[in-house]
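Participant: Okay, here's the structure, questions in a sec.
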Amino acid sequence: MNFVDYLGNRWDNLLELGVEHALVTALAVAIATVIGVGLGLLTYDRPRLRQLVIATCSVFLTIPSLALFGLFISWLGLGTTPVVTALVMYSLLPIVANTIVGLRGVDPAVVESAQGMGMSRVQRLFRIELPLAWPVILTGMRVSTLLALGIVAIGAYILGPGLGNDIFAGLSRISSPNALNLVLGGTLGVIVLAILFDLLFVLLNRLTTSRGVR
Amino acid sequence: MTGLGGRTKIRLDELTKRFPGQAQPAVQGLSMEIPEGEIVIFVGPSGCGKTTTMKMINRLIEPTSGRIFLDDEDVTRADPDQLRRRIGYVIQQIGLFPHQTIAQNIATVPKLLGWDRRRIADRVDELIGLVGMDPAEYRDRFPKQLSGGQRQRIGVARAMSADPDVMLMDEPFGAIDPITRDRLQNEFLRLQAEIKKTIVFVTHDIDEAIKMGDRIAILREGSQIAQFDTPERILVDPADEFVADFIGRGASLKRLSLSRVRDIALGDWPTVTAGTDLAQARRLLTESDKGSLLLLDAQGVPRGWITGDHLRAATGPIAAGDGLPPAIVRPGATLSDTLNEMLTARYSTAVVLDDDGRYSGVVEIDTINEAIRGMQTAERERLRGQALVDSPFDEADPVEPAR
Ligand SMILES: Nc1ncnc2c1ncn2[C@@H]1O[C@H](COP(=O)(O)OP(=O)(O)OP(=O)(O)O)[C@@H](O)[C@H]1O
Ligand SMILES: [Mg+2]
C-alpha cells in the first residue's frame, strides 16, 4: 500500500491519535506554565533562589526521556500519568527561564514610576510587570510546546497516548509491509501538530499582548 | 525659613540615609522647610544626594533616621502607597507604561483612588489638553507612538492626574534636546502659575535651577545645604566659594534669565497696517527716527518689518504678507530668551506681544545691554563690599584700580 492510500484508510485513526497527542501536550504545558510562572515570580528578584531553580530545571531537561519514563514505571505505573509528569518537568525550563528573563527585562524606570504612584507590590506585579514580561513568557511556552510534542511521541513506549503509538508500532515490525507507513504517518502527524500549535501561539500573542509592546 | 508669607508644606527634620556598605551617608542630617506653592530646586554636583533626598519624601527610599512632615503630619511611618498617591512623581526616564495607552497611563492614580469612569475620562482629556496636546488625537496612542517631548508632557500630566498638591520631579526635562527642553520649561512655568503646586525639582543644571526655581537649595556632598535661597540672592550673594564656583562664570549673563520682558519698560515702534497706501507709509517712515516700520495685521498681530528699501521698490499698498519676519517674544520671556531671539533673527529689536498675542511694544538690544551693565555694577559693588569687609582697616578703595 502506498502512503497516500494508507492515509486514506487510516486517517480517522490518525486523527484520534493526533487529538490525544495535542491534548496531552496542552495539558502538560498548561501545568508547567502555572508552576513555571509561579516559580519565576517567586525567584526573579532573588539571585540565589533564581539560580537554584534554573539549575534544577536544567537538570530535568538533561535526563534522557526513555530513562525518565523507565524510572517512573515503579512509581506512577504506565500510561498517561507518568507521561504528563515527565512532560511537565521537561517543559519547565523554557517557561521558568523566560519568565525570569521577561520580568527582569522590565524597565526599572517603569517599575519605579508605578511604585512612585502608589501601586502596591501585587498591583505592580499583575498590572505592570507580568503584562510587560508576557510576550517573553509566551515564547517560553511555545518552545516548551514544541519540545513536549516530540517527547509525547516517546511516551508511547510506556503506553502513553498519542501518535507515538503508530511510530512504535511501525518500528517494532519494521519488516512488515505497513511499517514505514505507520512511522511516516505518526511523524507527519507530529509535524502537522507543531505547525498548528505554532499558529495558535501567533494568534495568542496577537490577542493577549498590548499593541504598545508589539 | 518659611515662604514669602506662605506656610510650610514639607518639612524635613534631620534626615539621614546611609546605604548598606557606604562609608559616608548619602544624606546626612538634612533639615529643610519647603514652602507651599513654590518650586524648590535641589541642585548640586552628581552624587551629592539629590535623588536620594527627593525619594525619601515619597519614601521610595526609607530614611535611616530623621522625620518627614507633610502638612504638619508626620508621614515617616505612614502607609507608603497611600502617601505616594498624594504626591505626583516624575522621573527623568519618564517611565510611562509601554503596554498602556496614554489615557490608561494618566488614569493610573485616579483608578487606584477608585474614581468612577466618567470622572476619570474627563480628567484624562483635561490633562492632555493642559499639557498642550490634543486629547482626541493622543488619548488612545501608546507611549512608543509619541516623541520624547510629548512623552515628557504625558509624564507630567500623569503625575498631576489626581491633583496632588505636592509634586516631585527628578530631572524631568533632562533627556530632551535643548530647544524642546526650553519650551517644556516655559510651558511648565506657565502651568505652575495657574496650579501653584508645591514642587520639589531636582536638576544638576544651574541654569535650569535659576530659570525654574522660586527657591534653590544648592547641595554639596551628603546633601549638605550650601545655600538655600531665592535665585536672585544666590546669584547676587553666593554664600561661599562652593556656591560661587557652582554658579560658575558669567553670573551676570545668567541674571538675564531672572529679568523678564514684562519687568522692563518697553519701547515704541512706528506701525502700519496692511492696506496702508505707499505714500502714507513713506511719510510715516520719514517722520520716525527708525529705519523701518512694523507691519500689523487687522488683529494687531505683528507680521513683518517694512524697510525703506521695501517701500522704494513697492508699487502698490502694503500687503499682509510683506516684510521680513520679526523676532517675537512674550511678556513672560526672560531677557536671556529675548537676546537669543534677537541673535537668531539677526535683528537688534525684538517685538513683544501682549497676553492675547497682539503687539505691545519692543525691546531693543541697548536695553538688554544696559541691564547687563547694571548687573555688572551690582556685582562689582558686591566684590568691593566683600573686599572692604576682608580688610576693614584699609582706608583706600582696595579693589578699584586707578583709572
Ligand atoms: N541604592 C543605592 N545603594 C547604594 N548607594 C546608593 C544607592 N543610591 C544612591 N547611592 C549613593 O548615594 C549617593 C547619592 O546618590 P544620589 O542618587 O542621591 O545622587 P544625585 O545627587 O541624585 O546624583 P546625580 O546628579 O548623578 O543623579 C551616591 O554616592 C550614590 O552612589
Ligand atoms: Mg539623581
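Just so you know, all these numbers are worked out from the coordinates, no wet-lab data involved. Remember, it's a predicted structure, so these values are computed and weren't measured experimentally. Glycine also receives a Cβ, built like all others from the backbone with ideal geometry; neighbour counts cover every protein chain displayed.
Participant: As I understand it, the value is the acute angle between the Cα axis of helix B:278-287 and the longest principal axis of the Cα atoms of chain B; what does it come to in degrees, rounded to 10?
Facilitator: For B:278-287 against chain B, the angle is about 70 degrees.
Participant: A further question on this structure: Can you give the calculated 222 nm mean residue ellipticity of chain A, where each DSSP H run of n ≥ 4 adds -39,500 (n - 2.57) and the sum is split over every residue, rounded to the nearest 500 deg cm²/dmol?
Facilitator: About -27000 deg cm²/dmol.
Participant: Kindly give Rg over Rh for the range B:262-367, based on alpha-carbon atoms, with the Kirkwood expression for the hydrodynamic radius.
Facilitator: 0.97
Participant: Any chance you could give the angle, 0 to 90 degrees and rounded to 10, that helix A:179-208 forms with the longest Cα principal axis of chain A?
Facilitator: 20 degrees
Participant: Determine Rg/Rh for the range A:3-207; Rg is computed over alpha-carbon atoms and Rh is the Kirkwood hydrodynamic estimate from the same atoms.
Facilitator: That ratio is 1.08, to two decimals.
Participant: Could you calculate the FRET efficiency of residue A:48 with residue A:178 from 1/(1 + (r/R0)^6), where r is the beta carbon distance between them and R0 is 60 Å, rounded to 0.05?
Facilitator: Working from the Cβ atoms, E equals 0.60.
Participant: Also, quick follow-up: Using alpha-carbon positions, what is the distance between the centroids of the range B:253-329 and the range A:174-212, in Å?
Facilitator: Each part's Cα centre sits 77 Å from the other's.
Participant: Extending each Cα 7 Å along its Cβ direction at residue A:13 and residue A:66, get the distance between those two points in nm, one decimal.
Facilitator: 2.4 nm
Participant: Here's another thing I want to ask about it. Relative to the compact globular guide of 2.2 N^0.38 Å, what is the alpha carbon radius of gyration of the range A:74-178, as a ratio?
Facilitator: After normalising by residue count via 2.2 N^0.38 Å, the value is 1.62.
Participant: Give me a single rounded figure for B:52-62: the average over its residues of other chain Cβ atoms within 10 Å of their Cβ.
Facilitator: Partner-chain Cβ atoms within 10 Å, mean over residues of B:52-62: 1.
Participant: Rank-order B:177-183, A:157-163, A:26-32 by packing density, defined as the average count of other C-beta atoms within 10 Å over each peptide's residues, highest first.
Facilitator: Top of the packing list down: A:157-163, A:26-32, B:177-183.
Participant: While we're looking at this one, here's another question. Mean residue ellipticity at 222 nm from the helices of chain B, using -39,500 (n - 2.57) per DSSP H segment of n ≥ 4 over the full residue count, to the nearest 500 deg cm²/dmol?
Facilitator: -10500 deg cm²/dmol
Participant: In nm, give the distance between the simple-model label positions of residue A:4 and residue B:189, each being 7 Å from the Cα along the Cα-to-Cβ direction.
Facilitator: 8.3 nm
Participant: Using amide H atoms built in the peptide plane, which far-off residues or other-chain residues are under 5 Å from residue B:296 H to H?
Facilitator: Under 5 Å from the amide H of residue B:296 lie the amide H atoms of B:272, B:273, B:274, B:303, each far enough along the sequence or on another chain.
Participant: I've got another one for you. What fraction of the DSSP beta bridges in the protein assembly as shown is antiparallel, stated in percent and rounded to the nearest 5?
Facilitator: Antiparallel: roughly 55 percent of the beta bridges in the protein assembly as shown.
Participant: Taking the Cα of residue B:224, stepping 7 Å toward and past its beta carbon, and measuring to each backbone N in the range B:15-51: which are under 17 Å?
Facilitator: Under cut-off, by backbone N: B:15-18, B:23-32, B:43-50.
Participant: Could you give the angle, 0 to 90 degrees to the nearest 10, between helix B:148-159's Cα long axis and the longest principal axis of the Cα atoms of chain B?
Facilitator: Compared with the principal axis, the helix lies near 50 degrees.
Participant: Partner chain Cβ atoms within 10 Å, averaged over the residues of A:203-213 - can you pull that number for me?
Facilitator: Whole-number average of other-chain Cβ neighbours for A:203-213 is 3.
Participant: May I pose another question? Take every Cα pair under 8 Å in chain A that's 6+ residues apart, average their separations, divide by the length, and report that relative contact order as a whole percent.
Facilitator: Relative contact order of chain A: 27 percent.
Participant: Also: Rounded, prolate or oblate: pick one for chain B, where a ≥ b ≥ c are the square roots of the eigenvalues of its C-alpha gyration tensor, a/c under 1.5 means rounded, and failing that, prolate if a/b is larger than b/c, else oblate.
Facilitator: Cα axes put chain B in the oblate bin.
Participant: Measuring from label point to label point, each 7 Å out along Cα→Cβ, what is the residue B:237 to residue A:56 span in nm?
Facilitator: Those two pseudo-labels are separated by 6.8 nm.
Participant: Given R₀ = 41 Å, FRET efficiency for residue A:122-residue B:356 by Cβ-Cβ distance, to 0.05?
Facilitator: 0.20
Participant: Quick one: Cα centre-to-centre distance for the range B:67-82 and the range A:50-82, in angstrom?
Facilitator: Answer, in whole Å: 53.
Participant: Suppose the chain between residue B:287 and residue B:346 were pulled fully straight at 0.36 nm per residue; how much longer would it get relative to their current alpha carbon spacing?
Facilitator: Going from the current span to full extension adds 18.7 nm.
Participant: Assuming R0 = 25 Å, can you tell me the calculated FRET efficiency for the pair residue B:280 and residue B:370, based on Cβ-Cβ distance, to the nearest 0.05?
Facilitator: With R0 = 25 Å, the Cβ-Cβ based efficiency is 0.15.
Participant: Quick one: of the DSSP bridges fully inside the range B:146-236, what percent are antiparallel, nearest 5?
Facilitator: Within the range B:146-236, antiparallel bridges account for around 50 percent of the total.
Participant: Here's a follow-up. Hey, which of these cross-link pairs are over 22 Å Cα-Cα: B:17/B:211; B:144/B:211; B:17/B:55; B:50/B:144?
Facilitator: Those over the limit are B:17/B:211; B:144/B:211; B:50/B:144.
Participant: Taking 8 Å as the Cα distance limit and 6 or more residues as the minimum spacing, I'd like the relative contact order of chain B as a percentage.
Facilitator: Once divided by the residue count of chain B, the mean separation gives 14 percent.
Participant: Can you list residues whose amide H is under 5 Å from residue B:202's amide H, if they're 5+ apart or on another chain and H is modeled 1.01 Å from N?
Facilitator: Distant-sequence amide H within range of residue B:202: B:42, B:169, B:170, B:171.
Participant: In whole Hz, what ³J(HN,Hα) sequence does the range B:314-330 give by Karplus (6.51, -1.76, 1.60; θ = phi - 60°), x for Gly and Pro?
Facilitator: After applying 6.51 cos²θ - 1.76 cosθ + 1.60, I find 5, 10, x, x, 5, 9, 4, x, 5, x, 9, x, x, 7, 10, 10, 9 Hz.
Participant: Rounded to whole Å and sorted largest first, list the principal axis extents of the Cα atoms in the protein assembly as shown.
Facilitator: Largest first, the protein assembly as shown extends 117, 73, 49 Å along its Cα principal axes.
Participant: Still on this model: If you take every DSSP beta bridge whose two residues both sit in chain B, what share of them, in percent to the nearest 5, is antiparallel?
Facilitator: About 55 percent, rounded to the nearest 5.
Participant: How crowded by other chains is B:133-143, given as the mean number of beta carbons from other chains within 10 Å of each beta carbon?
Facilitator: That average works out to 1.
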